[in-house]
Amino acid sequence: MAAQFGVNATITAEAARPISIESITPIGIAGTAEGIEDELYFYGSVTAAKKALEAAEAAGSLLRAIRAIDEQSVETPIIFSVFTEGGSEGETTTACRNAIEAFRNASGEFGYTPNILIAPEYSHIAAVASTLQGEAERLSATGVVDLGGVNESAALTQADAFGTKRLILLNPKVKVYSEEQNDYVYEPLSARYAGLRAKTDGESEYGWADSASNRVLNGVFGTQRPVEFVMGADCEADRLRTAHIGTVIRQEGFRLWGEETTDQDTIWQDLTRVRVFDRVSEACQKGVFFAVDKKADQLLYAKLSVEELLRALKGASVLIGYDVEWNAAQNTLANITAGKFYLDVRMQNMPIVKTLELNFIYSDAWGEELMNSIG
């Protein structure tokens, strides 16, 4: 308490607080690993996770997945959720679903929440895909589903079962080299996509605002079936992408083609937009937490903090524009008395180019130049 005599001093801050956005993308992988207990494991990097599994000789889907992620040349936190296959498909499905649901405990145990959720070799199962969606929605993350369709028609049919901004659908499997079998095999695309997405996020301060589509997937030598890609014409690759299915095209390397969600609202079918709003909102929530349980005059600096972040994002071409205003309709006298305040944050992210139309038009406007050149 302050002294009764002499000079007392207090130190306060009247300034906007810097708000930063994480470019780290923790990946949560549900899978099998022989000889390892069924629980959550955390590793600070892909390299550490890979070394741990290889040292334990823990064969299974987790080892194959971490090798696929490692091929994308990325270092990011990894969270394993290990399960053991049961005696029947139903028991295995239940075990996998339980492992995915365990990711909700990762934040409390490790201080990290997975931003991408995958279950390679199992996500083609409808019940597993449903659980991935549920946990992705709970954690504001992105779940990745490998559609099991062996042809275009089957993949398109399976995609009709989904409608959420929290899932990415992928098809077909990709041809890769297996260290275990010392031969080429076909594996689900989800692990390699997760590695590519995390790599894109970390390539720059604002990498999370970039698309992972049209980027080369390392370690891919083909696809389980040829995916027709004809630039500027109707083809299987574009039909899959139109149906919100990410695929792989061969164009100066094997590239991811498409990163759209299946959400009914077309605004949220762009995963890049979904992730921009996710990261900005999460950062702002943490950034203005200092104002909670303080005197209401601190709200001025909370608002300024948000505005400073958005100004920086506009300068970095993450946003086109923004507007931050107190909501006059909701900030009623009763709500103010109750300590409830409402701040509207409007922003538009820089759109990702999906189509570029080149119009070539014949013109005779330069005929005179020709005649002049030939005398």
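The values are calculated or read from the model by the stated rules, or taken from the named source; none is laboratory data. Quick caveat: nothing in here was measured; it's all calculated off a predicted structure. No Cβ is skipped: glycine too gets one built from the backbone with ideal geometry, and neighbour counts run over all protein chains shown.
Of all the criteria given as (1) of a type outside the set (A, V, I, L, M); (2) in a helix (DSSP H, G or I); (3) closer than 27 Å to A13 by Cα; (4) in contact with a strand residue (DSSP E or B) (Cβ under 6 Å, 6 or more places away or on another chain), the one not satisfied by S305 is (4). Being at pLDDT below 95 and of a type in the set (V, I, T) narrows it down to one of I27, I21, so name that one. From the options I27, I21, the qualifying one is I21. Scanning region 132-157 for residues that are in contact (Cβ under 8 Å) with a residue 12 or more places away in the chain, more than 17 Å from the chain's Cα centre (by Cα) and part of a helix (DSSP H, G or I) turns up E152, A155, L156. Residue count for region 356-375, restricted to those that are among the small types (G, A, S) and within 53 Å of the chain's Cα centre (by Cα): 2.
Residue selection: T10 satisfies the criterion of being of a type outside the set (G, A, S), exposed (fewer than 14 other Cβ atoms within 10 Å of the Cβ) and more than 20 Å from the chain's Cα centre (by Cα). Taking region 164-259 and the strands (runs of 3 or more DSSP E) fully enclosed by it, no element has 2 or more residues that are on the phi > 0 side of the Ramachandran plot, touching a residue at least 60 places away in the same chain (Cβ under 8 Å) and crowded, with 19+ Cβ neighbours inside 10 Å. Flag: G44 matches the condition of being modelled with pLDDT of 95 or more, surrounded by fewer than 19 Cβ atoms within 10 Å (Cβ to Cβ) and small (G, A, S). Suppose we keep only residues that are crowded, with 19+ Cβ neighbours inside 10 Å and of a type in the set (D, E) within region 134-159. Which one would you say is nearest to G246 (Cα to Cα)? Among those residues, the one meeting the criterion is D146.
Test G195 against the stated conditions and say whether it is at pLDDT 95 or above and in contact with a helix residue (DSSP H, G or I) (Cβ under 9 Å, 6 or more places away or on another chain). Yes, satisfied. Would you confirm whether or not region 229-242 contains a residue that is within 17 Å of S211 (Cα to Cα), in contact with a strand residue (DSSP E or B) (Cβ under 8 Å, 6 or more places away or on another chain) and of a type in the set (A, V, I, L, M)? Looking for residues that are within 17 Å of S211 (Cα to Cα), in contact with a strand residue (DSSP E or B) (Cβ under 8 Å, 6 or more places away or on another chain) and of a type in the set (A, V, I, L, M), one finds none in region 229-242, hence no. Please indicate, with yes or no, whether at least one residue in region 269-291 is assigned to a helix (DSSP H, G or I), over 30 Å from F162 (Cβ atoms) and free of Cβ contacts under 8 Å to residues at least 12 places away in the same chain. Checked region 269-291: at least one residue is assigned to a helix (DSSP H, G or I), over 30 Å from F162 (Cβ atoms) and free of Cβ contacts under 8 Å to residues at least 12 places away in the same chain.
Scanning region 331-369 for residues that are aliphatic (A, V, I, L, M) and either part of a helix (DSSP H, G or I) or surrounded by 13 or more Cβ atoms within 10 Å (Cβ to Cβ) (or both) yields L333, A334, I336, L343, V345, M347, M350, I352.
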